[in-house]
Amino acid sequence: MGINWLWKIFDSAKISVLVNGGPCGFFGVGRGLRQGVPLSPILFVLAEEILSRNINELVQMGKMQAMVNRGGFQPTHLIFADDIFIFCNGQKKSLENLMDLLMEYQKSSGQEMNKAKSKFFVGGVSYIRRNVIAQALQMQLSTFPEKYLGVILNPGRVKSHQVWGMVEMMQKMLAGWMGKLLAFSARLTLVKFVLCSIPTYNIVLG
């Protein structure tokens, strides 16, 4: 409903080109907003909010079972820009309702889900059940440990060898500075800069 309402606003607009300082003719809007237009991220967030609420509604209506329930809290999904991480039970009905929602979202928003770049994780099920889920989702089955947006995903506590690559990278960057020639506050600023840049670096690689 909201998408159609916004499209009506853009579709009914008329644009005129300034020629020698004056408007010359009018033409209608035939395409959506280009990437980089300030209004584009706002519309994207509005569309993502609709998807987020619909996923929560699936769980509330019992059409999709949450993966865990801790103290009444049922995490269903995390959204990072144009990436989404969905947590749900692997029952057939839950997966069917989830995929129906995603297909409906694609039709309404125009955003397409790239299954070739999507992955799913399962645990506590048989090998046969894993294959059934893979066929239902048409996505790649991944195993832990895995890297997602620069973050290492692994059940349990993070082991030192899993993050040692980042430690070595920080050591190399810090070793190149002549710390003795800098005041303590300046060295602290440089260390903070490196620490803040590590997540961005890993997200790019992820």
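The values are calculated or read from the model by the stated rules, or taken from the named source; none is laboratory data. What you see is a predicted model; the values in this text were computed from it and never measured. All Cβ positions, glycine included, derive from the backbone under ideal geometry; neighbour counts span all protein chains shown. The area values use the complete protein model at the heavy-atom level, side chains included, leaving out ligands, DNA and RNA. Shrake-Rupley method; radii C 1.70, N 1.55, O 1.52, S 1.80 Å.
With a Förster radius of 22 Å, plug the Cβ-Cβ distance of Phe80 and Glu112 into 1/(1 + (r/R0)^6) and report the FRET value to the nearest 0.05.
Taking R0 as 22 Å, the efficiency between Phe80 and Glu112 is 0.80.
Quantify, in whole percent, the carbon and sulfur part of the accessible surface of the range 62-113 (1.4 Å probe; protein heavy atoms only).
Answer for the range 62-113 is 51 percent, counting heavy atoms of protein chains only.
How many nm is it between the label spots at Val45 and Ser126, if each spot is 7 Å from the Cα in line with the beta carbon?
4.8
So how much slack lies between Arg70 and Met169, counting 0.36 nm per residue of separation and subtracting their Cα-Cα distance, in nm?
Additional length available on full extension: 32.0 nm.
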